[in-house]
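The values are calculated or read from the model by the stated rules, or taken from the named source; none is laboratory data. Please read all numbers here as calculations on a predicted model, not as lab measurements. With ideal geometry, Cβ positions are generated from the backbone for all residues, glycine too; neighbour counts draw on all protein chains shown.
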Amino acid sequence: MNLETLQYFQYIAKYKNITKAAKHFYISQSTLSRHIMALEDELAVKLFERNNKKIELTEAGKVFYSECDPFIKHMETVIRNAQSADKGNSGILRITSPGKLCQTLFDALTLIRDKHPSIKLIVESYDFNEIPCAIQYDLYNVGFTYDFASLGHEDLQSIPIGTDYFSLAVSSKLFKNPTKETIAEIVKSLPLILPSYIEPPFLKLILHELQNFAGVKKINTIYVNTTESVMLEASLGLGYGIVPTSLTKSKSGNENISYINLDDFSAKCTIVMLYKKSNTSELVNSFVDIVNGLRTENICSI
């Protein structure tokens, strides 16, 4: 199984069109078909149903496609790491965070550079809900996210480093300078938009407090596929979202969204640092020790 074949499969699965895929990769359709058949033989499953000119994923194909993207990214990371090591950069620390979660991350980066001046640091943004899987697939060594996003990932070590509250996100065109007094109007006039794959523990508490605030018996709720879609629909005035307050800082440049801080609400979450329990990297352990040292000195503040 090679990276090139996986990329072919991913493109065909997404667009369901071999002709388009062949043109995209500048290869013949027959060559592309041979790659897919070889992949099916290797996996011992049928990935596509081919009827006339139509092509659809089988049930096995759907499962493989759902895991394909992180697998490809994992392979790309392994290749980059090997190439970097070949150039003499064997010390690589890959860190991810959805935004400016807390000062601890910045302080830890400064200290790790001081302690290991020759290492290569890679810090990238990633959706907070996908960070646990990104750590599992070794796309990153360390990730900063929220405790509710890491539930069910028992192979990951979670270290609490701070507390965050929530904010209500709504279109600034509908509500230019919203305040807590505006919440009742927002709840009554717009649906709450949530990612369909997440049911964090705090959600019932927030819904209960929104109901009390607006004096309604039920919150009108719609579901979309990702947190980014929540923010997009909120910016377009199609509803309102509930997001951790720290994320509003990284999205503060979006003039189409206004935020109402919900610190008065009871709901809150914990910012955590994640890494694999099976980790054997001295560099990762060094970074973890630095973060633990910072925790004892000063709890991360938002």
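I'd like the residue in the range 132-178 that is under 22 Å from Leu210 (Cβ atoms) and β-branched (Val, Ile, Thr) and, out of all such residues, is modelled with the lowest pLDDT.
Per the stated criteria, the residue is Thr163.
For the range 180-199, filtered to residues that are of a type in the set (Val, Ile, Thr) and within 14 Å of Tyr240 (Cα to Cα), the residue that is surrounded by the fewest Cβ atoms within 10 Å (Cβ to Cβ) is Thr182.
Okay, residues lined up against (1) closer than 20 Å to Ala82 by Cβ; (2) more than 20 Å from the chain's Cα centre (by Cα):
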{"site": "Leu111", "(1), (2)": "no, yes"}
{"site": "Ala134", "(1), (2)": "yes, no"}
{"site": "Asn141", "(1), (2)": "yes, no"}
{"site": "Thr145", "(1), (2)": "no, no"}
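Listed here are the helices (runs of 4 or more DSSP H) enclosed by the range 202-302 that have at least 2 residues being touching a strand residue (DSSP E or B) at 6+ places or on another chain (Cβ under 6 Å), touching a residue at least 24 places away in the same chain (Cβ under 8 Å) and among the small types (Gly, Ala, Ser): 227-235. Being more than 20 Å from the chain's Cα centre (by Cα) and of a type in the set (Val, Ile, Thr) is a property that does not hold for Thr245.
Yes/no matrix, rows are residues, columns are (1) under 30 Å from Ile95 (Cα atoms); (2) surrounded by 14 or more Cβ atoms within 10 Å (Cβ to Cβ):
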site: Glu4; (1), (2): yes, no
site: Ser33; (1), (2): no, yes
site: Asp41; (1), (2): no, no
site: Ala44; (1), (2): no, no
site: Glu56; (1), (2): no, no
site: Thr77; (1), (2): yes, yes
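The condition (being touching a strand residue (DSSP E or B) at 6+ places or on another chain (Cβ under 6 Å), surrounded by fewer than 15 Cβ atoms within 10 Å (Cβ to Cβ), closer than 30 Å to Tyr126 by Cα and not assigned by TED's automatic domain parsing to the domain that holds Thr96) is satisfied by just one residue among Lys20, Lys16, Lys62: Lys16. Among the residues of the range 150-197, the one identified as assigned to a loop (DSSP other than H, G, I, E, B), among the hydrophobic types (A, V, I, L, M, F, W, C) and closer than 23 Å to Leu105 by Cβ is Leu151. Check the range 89-104 and report whether any residue there is in a helix (DSSP H, G or I), surrounded by fewer than 16 Cβ atoms within 10 Å (Cβ to Cβ) and of a type outside the set (Lys, Arg). Yes - at least one qualifying residue is present in the range 89-104. Return yes when Phe202 is surrounded by 15 or more Cβ atoms within 10 Å (Cβ to Cβ), farther than 30 Å from Tyr140 by Cα and of a type in the set (Phe, Trp, Tyr) and no when it is not. For Phe202, the condition - surrounded by 15 or more Cβ atoms within 10 Å (Cβ to Cβ), farther than 30 Å from Tyr140 by Cα and of a type in the set (Phe, Trp, Tyr) - is not met.
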